[in-house]
Amino acid sequence: MAVKSLTPTPDLSPTTHQPPATSSHHDVIIVGGGLAGSAAASWLAQAGARVLLLEAGRFPHDKLCGEFLSPECQAVFGRLGMTSAVQALGPSYLTASRFTALDGQVWDARLPAPGLGLSRAALDPLLFNHAAQQGATALQGARVTRVTRQSAQAWRVEWQTGDATHETVVPLVLGAWGKRSGLDRTLNRPFLGQSHPTFALKAHYGGPSLDRRVEIHGFDGGYCGLAEVEGGRVNLCLLAETRRLKAHLGDPERFVQRVLPTNPALGDWLAQARRLSPRFIAISQIPFVPKSQVVDGVLMLGDTAGLISPLVGNGMAMALTSAEIAAPLALQYLDGRLKHREMAAEYSRRWQARFQRRLWLGRLAQPLLFRPAALSLGLRLLRLAPALGDALVAHTRDPLLPTP
Ligand SMILES: Cc1cc2nc3c(=O)[nH]c(=O)nc-3n(C[C@H](O)[C@H](O)[C@H](O)COP(=O)(O)OP(=O)(O)OC[C@H]3O[C@@H](n4cnc5c(N)ncnc54)[C@H](O)[C@@H]3O)c2cc1C
């Protein structure tokens with residue numbers, strides 16, 4: 001296929017082999033229409049590739065997420081040509097952060113650059129529709145059940161819409177199905193054999209103003225984030241050890257009522273707030289462990305490739321950026337300038353160079369936040385040496401993003 005050029009242009013030397021050919025009308029199937037899948041579909045379709053984007057769910061739907069968009073996301077929206085469309089959704093602008101511990105220790109800091117608070121129910125369909133506007137065939141209610149490699153340059157994708165089953169053979173598949181899916185099992189991904197002893201809850205609240213702060217409040221065995229999103233609602237999203245929930249009979253309502261007020265700052269806020277969401281969204285077995293970026297020739301994007309601690313507030317930026325890394329390489333492959341294995345190796349290399357350090361820091365810091373004494377000590381240190389906080393934030397951000 002002939003594709004238009006896409007910036008940033010990868011610095012790989014062209015090869016002379018033939019471009020892949022299959023009987024399909026599509027060059028690439030992207031599995032999952034979340035942030036990573038929709039962004040990749042937009043870039044590939046914009047450049048002239050024939051993209052089939054398959055999303056199992058239907059928009060709009062609520063999603064478990066802290067809904068804090070780091071400045072890197074805004075940079076990607078700019079490159080996608082979506083800045084004004086995102087602004088039209090009325091996100092809140094978040095300029096500061098506050099961390100609190102059980103014993104009342106507080107650390108306040110300005111964010112190095114403003115973040116946005118925007119619900120996933122608003123953001124995800126915007127990106128999905130953008131992919132369709134760029135020319136991707138974007139289907140909702142289309143669940144992929146199996147991806148099988150047929151040859152060096154052909155993958156069979158089996159998918160369902162309602163009662164109908166479909167089969168398409170394409171020269172390229174991008175996996176963007178999120179943290180975990182039945183597809184991980186069909187691909188025998190090793191992380192499924194590990195234990196992931198954390199759970200998360202999310203709901204929207206109406207409550208006292210947070211004065212443009214994103215707040216993280218620690219409690220024994222977990223932490224809870226608060227951030228305002230569009231319409232003045234506040235996203236409450238917590239992450240904690242699963243055994244703590246079990247101690248409350250597995251009941252999210254009981255857990256929230258009994259555990260969150262143990263942190264006085266959070267308790268005060270909750271006492272004046274009221275829940276707007278009818279119920280909590282809950283997930284468990286969250287795989288914060290290393291994953292492979294390429295499995296059976298499928299390039300993994302976003303959480304499918306690796307999940308960062310939400311503490312860092314950077315997962316959405318990673319999802320969007322992984323799509324931005326994959327798209328130009330995919331185009332070179334589809335254009336016949338790269339062999340599949342060259343494209344896959346280069347994608348893994350670039351992904352690791354970009355994200356490895358922040359993933360490692362997130363894995364290191366998350367358990368500390370779960371321990372009240374460690375969190376309290378950490379906050380005291382940060383108050384004494386604010387430069388330490390700046391350095392930590394800088395190490396979890398994209399080194400390619402200019403510092404303000
Ligand atoms: C507790 C918690 C809080 C977080 N808070 C933040 C935060 O404040 N800021 C931040 O930047 N990040 C945060 N994150 C991380 C962020 O939510 C993710 O990194 C981001 O959603 C990843 O996007 P994605 O496109 O990879 O996956 P997703 O957004 O999960 O999209 C995957 C899509 O694939 C679809 N899908 C799944 N299986 C199939 C299938 N078989 N066929 C077709 N479609 C399928 C799903 O329906 C879904 O739409 C948080 C994560 C957690 C766990």
Task: R0 of 30 Å, Cβ-Cβ distance ARG79-SER209: FRET efficiency to nearest 0.05 - done: 0.40
Open item on the list: Can you list which of the DSSP-assigned H helices in the chain have a Cα extent of 24 Å or more along the long axis and an average Kyte-Doolittle score of at least -1.0?
Closed with: 315-334, 340-369
- [ ] Would you mind computing, in nm to one decimal, how far apart the modelled labels at GLN257 and ALA164 are, each placed 7 Å from Cα along Cα→Cβ?
- [x] 4.8 nm
TODO: Enter the per residue convex hull volume of the chain, computed from alpha-carbon coordinates, in Å³ rounded to the nearest integer.
DONE: 133 Å³
Task: For region 234-309: Kirkwood Rh in Å [reciprocal of mean 1/r, alpha carbons] - done: 15.1 Å
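Given a Förster distance of 35 Å, report the FRET efficiency between ASP268 and ASP296 from their Cβ-Cβ distance, rounded to the nearest 0.05. Display every interim value, and only then the final one.
Values: r = 51 Å, r/R0 = 1.46.
In this case the efficiency is close to 0.10.
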Task: Spatially near lysine pairs across the chain, Cα under 29 Å, sequence gap of 8 or more or different chains - done: 13
Task: region 54-195: radius of gyration over Cα atoms, expressed as a fraction of 2.2 N^0.38 Å - done: 1.35
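Since every read-out is calculated from the coordinates, none of them should be taken as a lab result. Just so it is clear, the structure is predicted and the values come from calculations on it, not from any experiment. No Cβ is skipped: glycine too gets one built from the backbone with ideal geometry, and neighbour counts run over all protein chains shown.
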